[in-house]
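Novice: The structure under discussion is supplied below as structure tokens; questions concerning it will follow.
The values are calculated or read from the model by the stated rules, or taken from the named source; none is laboratory data. Everything quoted here is computed from the prediction, not taken from an experiment. Here the Cβ positions follow ideal geometry from the backbone for every residue, glycine too, while neighbour counts run over all protein chains shown. Only protein heavy atoms, including side chains, enter the accessible area calculation; ligands, DNA and RNA are left aside. Shrake-Rupley method; radii C 1.70, N 1.55, O 1.52, S 1.80 Å.
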Amino acid sequence: MGRTGGISPRPGRHVRRALCVSVAAFLAVSCGYGAARDDGPPGALDEPLSDATGGGAPARAAEPPGLALGGPQRAQTERAAAALAAHAERLRQAERRRVAAVRNWRVERLPLRPPPPPDKKPKLVSDSGHTAGDGLPPVITRVPTKDRVVFLTIDDGYEKDPALLRMLRDLDIPYSAFLADYVANDNYDYFREMHRDGVAIHNHTLNHKELPRLSYEAQRKEICGQQEVLREEIGTTPHLFRPPYGAYNRDTLRAAATCGITAVPLWAEEAWAKRFDWGRGDRVFHPGDIILTHFRGKAEWGGTMPDMVRRTLKTVTDQGFAIARLEDYI
Ligand SMILES: [Zn+2]
């Protein structure tokens, strides 16, 4: 699941699912999916690669159906089998790189791979206790799914640590950024690079104000203004918006809807370099939980972004969850 190659680097979910199913069927190799379902304990770092890839069964020579066919049909089948074999080899290489990255970045356990994205995104409604209404974007702290996945979201844009980009790229961990212009704007190059890695960039307002204190018009300026900045700087118009401090009122949601926002993801847990805050008393992840963290560094946190990633990955993997891509679900 390479993340190189421009604004939309990943193939569509249908294509990815089809490729994986085909490859797995033909060559009995893992496509890296399925590990986050209820199929056993998370992989430990010292497991051999065959286990780490989740498949265990070695690749065998392809025996495509239709060998009795002659001429063009047989040639076509052989070409298809060769393409699938090449794809399987790329997957195996990607998994080897991921295992190496886990060692290089001193991540304690091999993170689980998320299952394939849903064919259809779940219908969202605001969490109980949050504002809902016709035409208003739903406000959620978790995505309705039974998959054992959680989502990593990073806010503001103050610290621009190149190690964070390298680490999450090497580990192939998906995440989403919610940028506030007033701290992001001294180096949008950093976030363009992030976007080229396949990371979606979303809206966290221009100036990070407490929105309910502002008029409808002023809120609209904060949200639509940042939509324009991101369109110009990143080249895409976000469809997700997170209000600063999680503070919003009905005007916020009305304003956000007019700026093209379709959902307002808040969060269920918060990750830091040196601790992990649970939103609920049970202190466990629930499928679809959204994790909040921030672009911060040693000065504010006493730790680095890679420290935060290590702690978060361990917490997530220990509970048998995988980090999935938020935009695959909402
Ligand atoms: Zn913020």
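Novice: For segment 195-235, give me each residue that is open to solvent by 60 Å² or more (accessible area, probe 1.4 Å), part of a loop (DSSP other than H, G, I, E, B) and away from the ligand (no atom under 15 Å from the Cβ).
Specialist: 215
Novice: For segment 178-194, enumerate the residues that are more than 12 Å from the ligand (Cβ to nearest atom) and either small (Gly, Ala, Ser) or in contact with a strand residue (DSSP E or B) (Cβ under 7 Å, 6 or more places away or on another chain) (or both).
Specialist: Result: 191, 194.
Novice: For segment 54-65: of the residues being farther than 25 Å from residue 319 by Cβ, among the small types (Gly, Ala, Ser) and surrounded by 13 or more Cβ atoms within 10 Å (Cβ to Cβ), which is modelled with the lowest pLDDT?
Specialist: Within segment 54-65, the first condition is being farther than 25 Å from residue 319 by Cβ, and the residues that meet it are 57-65.
Checking the rest, the ones that are also among the small types (Gly, Ala, Ser) come to 57, 59, 61-62.
When the remaining residues are screened for being surrounded by 13 or more Cβ atoms within 10 Å (Cβ to Cβ), the result is 59, 62.
On the way: 59: 41, 62: 46.
Going through the qualifying residues, I end up with 59.
Novice: Tally time: how many residues in segment 298-330 are part of a loop (DSSP other than H, G, I, E, B) and in contact with a helix residue (DSSP H, G or I) (Cβ under 7 Å, 6 or more places away or on another chain)? So that I can check it myself, show each step before the final result.
Specialist: Pass one, segment 298-330, residues part of a loop (DSSP other than H, G, I, E, B): 302-304, 319-321, 324-325, 329-330.
Subset that is in contact with a helix residue (DSSP H, G or I) (Cβ under 7 Å, 6 or more places away or on another chain): 304.
Total satisfying the criteria: 1.
Novice: When segment 184-194 is examined, which residues are found to be under 20 Å from residue 224 (Cβ atoms) and open to solvent by less than 40 Å² (accessible area, probe 1.4 Å)?
Specialist: Residues satisfying the conditions are 184, 188, 191.
Novice: Another question about this same structure. Failed condition for residue 126, given (1) open to solvent by 20 Å² or more (accessible area, probe 1.4 Å); (2) within 16 Å of the ligand (Cβ to nearest atom); (3) in a loop (DSSP other than H, G, I, E, B); (4) within 26 Å of residue 279 (Cβ to Cβ), with all others met?
Specialist: (2)
Novice: Continuing with the same structure: Identify all residues within segment 236-256 that are of a type in the set (A, V, I, L, M), away from the ligand (no atom under 12 Å from the Cβ) and either out of contact with any Ser or Thr (no Cβ under 8 Å at 6 or more places or on another chain) or open to solvent by 20 Å² or more (accessible area, probe 1.4 Å) (or both); write none if there are none. Give the steps one after another, and end with the answer.
Specialist: Here is the first cut: in segment 236-256, the ones of a type in the set (A, V, I, L, M) are 240, 247, 253, 255-256.
Then keep just the ones that are away from the ligand (no atom under 12 Å from the Cβ); that gives 240, 253, 255-256.
Those that are of a type in the set (A, V, I, L, M), away from the ligand (no atom under 12 Å from the Cβ) and either out of contact with any Ser or Thr (no Cβ under 8 Å at 6 or more places or on another chain) or open to solvent by 20 Å² or more (accessible area, probe 1.4 Å) (or both): 255, 256.
One line per residue, one yes/no per condition, for (1) in contact with a Cys (Cβ under 6 Å, 6 or more places away or on another chain); (2) among the β-branched types (Val, Ile, Thr); (3) open to solvent by less than 60 Å² (accessible area, probe 1.4 Å); (4) within 16 Å of the ligand (Cβ to nearest atom):
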residue	(1), (2), (3), (4)
78	no, no, no, no
81	no, no, yes, no
99	no, yes, yes, no
107	no, yes, yes, no
137	no, no, yes, no
143	no, yes, yes, no
150	no, yes, yes, no
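Novice: Among the residues of segment 238-259, how many are assigned to a loop (DSSP other than H, G, I, E, B) and in contact with a strand residue (DSSP E or B) (Cβ under 9 Å, 6 or more places away or on another chain)? Lay out the reasoning, then the answer.
Specialist: Step one: list which residues in segment 238-259 are assigned to a loop (DSSP other than H, G, I, E, B), which gives 238-239, 242-243, 247-249, 259.
Okay, now just the ones that are also in contact with a strand residue (DSSP E or B) (Cβ under 9 Å, 6 or more places away or on another chain), so 238-239, 242-243, 248, 259.
Count: 6.
Novice: Considering only residues that are open to solvent by 10 Å² or more (accessible area, probe 1.4 Å) and either in contact (Cβ under 8 Å) with a residue 40 or more places away in the chain or within 15 Å of the ligand (Cβ to nearest atom) (or both), which ones fall in segment 157-172?
Specialist: Just the residues of segment 157-172 that are open to solvent by 10 Å² or more (accessible area, probe 1.4 Å), to begin with: 158-163, 166, 169-170, 172.
Within segment 157-172, 158, 159, 160, 161, 163, 169, 170, 172 qualify.
Novice: Which ones in segment 274-298 are among the charged types (D, E, K, R) and either loosely packed, with under 15 Cβ neighbours inside 10 Å or within 16 Å of the ligand (Cβ to nearest atom) (or both)?
Specialist: Filtering segment 274-298 down to residues among the charged types (D, E, K, R) leaves 274-275, 277, 280, 282-283, 289, 296, 298.
Those that are among the charged types (D, E, K, R) and either loosely packed, with under 15 Cβ neighbours inside 10 Å or within 16 Å of the ligand (Cβ to nearest atom) (or both): 274, 275, 277, 280, 282, 283, 296, 298.
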